[in-house]
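Here's the structure we're looking at; comments come further down.
The values are calculated or read from the model by the stated rules, or taken from the named source; none is laboratory data. Keep in mind that this is a model prediction, so the values were computed, not measured. Positions of Cβ are generated from backbone atoms using ideal geometry, with glycine treated the same way; all protein chains shown enter the neighbour counts. In case anyone asks, the SASA skips ligands and DNA or RNA and just uses the protein heavy atoms, side chains included. Shrake-Rupley method; radii C 1.70, N 1.55, O 1.52, S 1.80 Å.
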Amino acid sequence: MMKQTRTKPPRRHAPKKPSNQQKDPVGVYCRVRPLSPSDQECCIEVINETTVQLHQPDGCKVNRNGEYKETQYSFKKVFGTLQTQKDLFDFVAKPLVEDLIRGKNGLLFTYGVTGSGKTYTMTGSPGQGGLLPRCLSMIFNSISRFQAKKYTFKTDDKNGIEIQNEVDALLERQRREAQTQVATRTPMRQRMVEPEFADMINIEDNCNVEEVDEDSVYSVFVSYIEIYNNYMYDLLEEAAIDPIRPKWNTPGKNVEFIPPQSKILREDQHHNMYVAGCTEVEVKTTEEAFDVFWKGQKRRRIANTTLNRESSRSHSVFMIKLAQAPLDADGDNVLQEKEQVTVSQLSLVDLAGSERTNRTKAEGNRLREAGNINQSLMTLRTCIEILRENQMCGTNKMVPYRDSKLTHMFKNYFDGEGKVRMIVCVNPKADDHEESLQVMRFAEMTQEVEIARPVDKPICGLTPGRRYRNQAFKDELSRRLEDRGGPVNGEVDEQAVIEMLIQSFPPIPSCELLDVNDDMTLPQIIEALEKRRRIRQMMAEEFNKSVVSFRGMLHELNGVVNAKDNLAQGRMSEKERAIMSQKSEIERLEKKVKTLEYKIDILEKTTTIYEEEKRTLQNDLESQSQKLHRQLSDKRRLESRINGMVAENAVKWEKECERRVAAKQIEMQNKLWVKDEKLKQLKAIVTESKGDRPERPSRERDREREPKVPTRSISPSPAPGDVFRTRGGGQSVQFTDIETLRQESPPGNGRKRRSSETNRPPLAESTESEWTDVETRCSVAMEMRAGSNLGPGYQHHALPKRRKP
């Protein structure tokens with residue numbers, strides 16, 4: 001027979017939040033770690049209070065256009081290297097502590113690459129306390145005067161808080177104290193005192209919340225959870241003592257080490273997630289709370305990796321739970337109503353850093369830990385992406401909170417159970433550029449997710465100022481008793497009153513009878529008793545008179561009280577009327593607020609559309625600016641290249657022009673000289689022909705005039721010329737001076753007589769031959785002189801063409 005399968009009851013869904021509830025975006029902040037001395041290159045620059053810029057390192061690949069890309073990211077606020085832990089706490093964590101005391105939840109977590117300063121931001125260092133000790137200090141500075149006695153509030157196993165009366169709380173305290181005394185008598189290893197413990201919690205600025213409900217009592221409970229390899233462990237859980245095994249449970253010291261039992265996430269009656277069986281310790285001071293944290297911190301899993309000497313291998317969650325309940329109408333005891341208890345929680349999460357295995361060279365357990373860390377962070381990223389898509393696009397996709405214990409634990413915060421704040425820690429060194437870029441993109445996306453605002457806690461309805469009225473009554477009663485000589489504490493010592501009354505009576509004489517005929521003793525006793533009776537009657541009459549007068553005083557006091565009550569009733573009625581009018585005004589304002597909220601919704605939708613258009617235009621503008629920048633850079637390179645070529649050609653052409661001008665000048669000078677010589681010769685011939693024909697000198701006289709030895713004289717020049725490179729790679733020579741060649745006829749070699757001279761013709765013929773001889777001599781002389789002045793290479797410009805015979 002087959003067994004009948006049991007069907008699970010249908011899951012009860014959480015009630016949906018009202019659609020008109022106001023929402024706020026997730027607050028994302030950025031903190032830049034100082035660059036270590038060993039790192040030379042910085043890839044992150046703080047532009048202003050809300051913007052950082054990432055530069056690509058030198059070894060990184062450039063874009064297709066050959067340029068490095070620079071990206072900017074905006075946050076709610078950026079904390080540079082010069083800003084302190086106090087600046088970060090005042091701006092980020094202080095508002096969360098104020099909301100905690102006012103009954104609202106909060107979530108604050110640090111996110112970033114391994115070695116970026118997340119643990120330092122959350123915990124701090126000696127002399128520089130982090131966010132956690134500062135939050136504890138602010139809480140106890142604010143509620144120190146209004147704390148309830150220990151064990152007045154008691155946690156149950158279902159994420160609830162119960163209230164115990166004074167008797168039960170007293171019995172609980174006595175039982176816990178007895179257990180503590182037994183534990184202290186048991187021999188155990190003494191815990192080493194950390195030297196930086198006091199420096200971390202010694203906060204100089206005693207900041208506190210200004211507006212605290214003084215008619216309530218408070219109690220603080222802390223717990224410490226670790227999420228390791230997607231399992232949850234209680235860091236405050238004490239291992240059970242086994243009488244057979246050693247009494248410690250420390251890894252590495254005990255071969256039979258017992259690993260702690262993992263915890264389970266459950267959902268309470270209000271659909272909030274909690275860790276079942278988690279240890280919650282009630283603390284009364286900052287030192288006690290930080291001592292509990294330090295105890296759990298030592299059990300947290302850390303390891304030495306290539307990138308970080310003390311790398312966190314798990315996500316740690318330190319939860320601060322604040323329980324508060326109002327005082328009764330007398331202002332003396334806690335109101336014994338569970339519905340009036342308000343529980344708020346602040347979760348401080350130190351996430352493990354994301355890392356790449358190719359950089360850490362992780363193997364074995366380290367590799368498995370890194371994989372689980374990256375997987376949980378990837379799930380967180382996926383949840384944020386889907387939340388953003390559902391809110392911006394109007395979709396209704398299921399958010400995969402259950403894929404990771406980290407996201408499943410805090411899903412209530414993203415559904416609107418409290419404020420969410422994230423601090424992005426970055427290391428500006430060049431090696432972390434790629435990981436920092438991914439972190440920045442995730443942070444930019446997280447800022448667009450909106451969380452519903454938490455609802456204010458309801459008012460209890462009792463008269464405010466109950467605590468101070470009760471304290472004032474006790475102080476006045478003590479003062480009056482002290483003035484009357486009574487005990488200051490208000491308790492009457494009955495034995496002292498009896499002794500005082502006995503001493504006021506007359507003494508009783510001796511009652512001893514020694515003789516039967518003694519008639520003196522009994523009358524003396526009777527007389528003494530009579531006096532005592534009369535004194536008692538007198539005291540009774542005085543007492544009655546006092547009673548009557550006291551009753552009269554009571555009646556008068558009652559009348560005064562009634563008059564005051566009537567006056568108070570009149571004032572109360574006036575206040576009620578004022579309250580009614582204020583309620584009507586509030587209703588009117590609420591209607592106006594609803595109208596304004598509707599307008600705000602419309603404006604927000606319009607703003608969203610405009611922001612999308614603005615983002616599109618900004619992207620277009622950036623692409624256009626990049627294109628323009630590339631064109632300008634190409635234009636500058638082309639201009640520089642053209643300017644270089646123009647300058648080089650200008651120098652070459654300038655030298656060529658100078659050379660040609662010099663050559664042309666020399667050529668023109670030679671031509672002018674030739675013309676001048678011709679003119680001189682012609683002038684001499686003309687002048688000679690006009691006068692009487694002189695006797696022609698003989699050839700012998702001409703020979704005497706001619707030089708006897710041919711000589712060649714060259715005018716000295718300082719340098720042969722300048723050498724320049726040509727465009728084809730060769731060389732060219734430009735002469736700076738010209739050599740002059742002069743030639744003289746040899747001695748004894750007279751000019752041969754022409755045939756015309758041997759047979760001299762008649763006068764006409766003789767005259768014509770003489771003219772021809774003169775012209776020939778002039779032309780030859782000019783040719784020789786021109787050739788000697790021009791030098792080789794320029795003779796063809798200066799020699800005239802001879803006539804053909």
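Look at the dipole of region 615-668 built from charges on Cβ: of 642, 657, 628, the Cα furthest out on the positive end belongs to 628. For the listed peptides 585-591, 331-337, a ranking on the average number of other beta carbons within 10 Å per residue, highest first, reads 331-337, 585-591. When the C-alpha to C-alpha distance is required to be over 32 Å, the pairs from 149/405; 86/614; 338/583; 94/338 that qualify are 149/405; 86/614. Among the protein heavy atoms of region 643-688, carbon and sulfur supply 62% of the accessible surface, probe 1.4 Å, non-protein parts ignored. Computed packing ranks the peptides 314-320, 568-574, 30-36 as 314-320, 30-36, 568-574, most packed first, by mean other Cβ atoms within 10 Å. Legend: residues 687, 71, sorted from most to least accessible area (1.4 Å probe; ligands, DNA and RNA excluded), read 687, 71.
Around the amide H of residue 114, modelled in the peptide plane, lie the amide H atoms of 354, all under 5 Å away and 5 or more residues distant in sequence or on another chain.
The label point for residue 517 and the one for residue 397, both projected 7 Å from the Cα toward the Cβ, are 13.0 nm apart. Each of the peptides 132-139, 536-543, 104-111, 383-390 was scored by the mean count of other Cβ atoms within 10 Å over its residues; in descending order, highest first, they stand as 132-139, 104-111, 383-390, 536-543. Over every Cα atom in region 595-668, the radius of gyration and the widest Cα-Cα span, Dmax, amount to 30.9, 102 Å. Rolling a 1.4 Å probe over the protein heavy atoms leaves residue 683 with an accessible area of roughly 140 Å².
Charge dipole of region 371-484 (Cα centre as origin; +1 on each Lys and Arg Cβ, -1 on each Asp and Glu Cβ, all else neutral): 880 debye, rounded to the nearest 20.
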